[in-house]
Amino acid sequence: MTTLIELKSKNKPSRALIMRTIAEYIEQGHKDLDIRWGENWLEIVKGGDNWYGAGWIKDIGGSDIADELNSMQRFIKDHISFVVIK
């Protein structure tokens with residue numbers, strides 16, 4: 001189910017605001033985000049192990065954000081080990 005997010009900013013939202021908003025929703029377990037600012041929009045969707053994106057807000061592209069999320073995901077997988085202590 002797509003989660004609709006309306007950004008409430010009078011000025012065009014910054015990349016930091018958009019990324020912070022996406023991070024909050026991903027942390028809550030959302031995997032299909034529709035982010036709107038007026039007539040501008042981004043869609044970020046997780047399919048399998050990868051993120052996919054479309055649309056634009058300002059000069060920020062959904063596919064660029066998806067690429068960044070995928071890079072972070074690969075970095076964590078390749079370089080960080082989690083240890084569970086019971």
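Just so it is clear, none of the values below were taken in a lab; they were calculated from the coordinates. All values derive from a computational prediction rather than experimental measurement. FYI the Cβ positions are ideal-geometry reconstructions off the backbone, even for glycines, and counts take in every protein chain you see.
One table, with the values for the structure above:
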item	result
Diffusion constant of the chain at 20 °C, which comes from Stokes-Einstein with the Kirkwood Cα-pair radius and 1.002 mPa s, µm²/s	156 µm²/s
Residue order, fewest to most beta carbons within 10 Å, for Val45, Val84	Val84, Val45
Violating pairs (Cα-Cα greater than 23 angstrom) within the set Lys8/Lys31; Lys8/Lys58; Lys46/Lys86; Lys46/Lys77	Lys46/Lys86
Point-to-point label distance, Leu17-Lys77, nm (Cα→Cβ direction, 7 Å offset)	3.3 nm
Point-charge dipole on Cβ atoms (K/R +1, D/E -1) for the chain, about Cα centre, debye to 20	280 debye
Order of Lys46, Lys10, Lys77, Lys31 under a 10 Å beta carbon neighbour criterion, fewest first	Lys10, Lys77, Lys31, Lys46
Calculated from backbone phi, Karplus (6.51, -1.76, 1.60) coupling profile of the range 33-44 in Hz, x at Gly/Pro	10, 10, 9, 10, 9, x, 8, 8, 8, 10, 10, 10
Order of Glu43, Glu6 under a 10 Å beta carbon neighbour criterion, fewest first	Glu6, Glu43
Between helix 62-79 and the chain: long-axis angle, C-alpha atoms, 0 to 90°, nearest 10	10 degrees
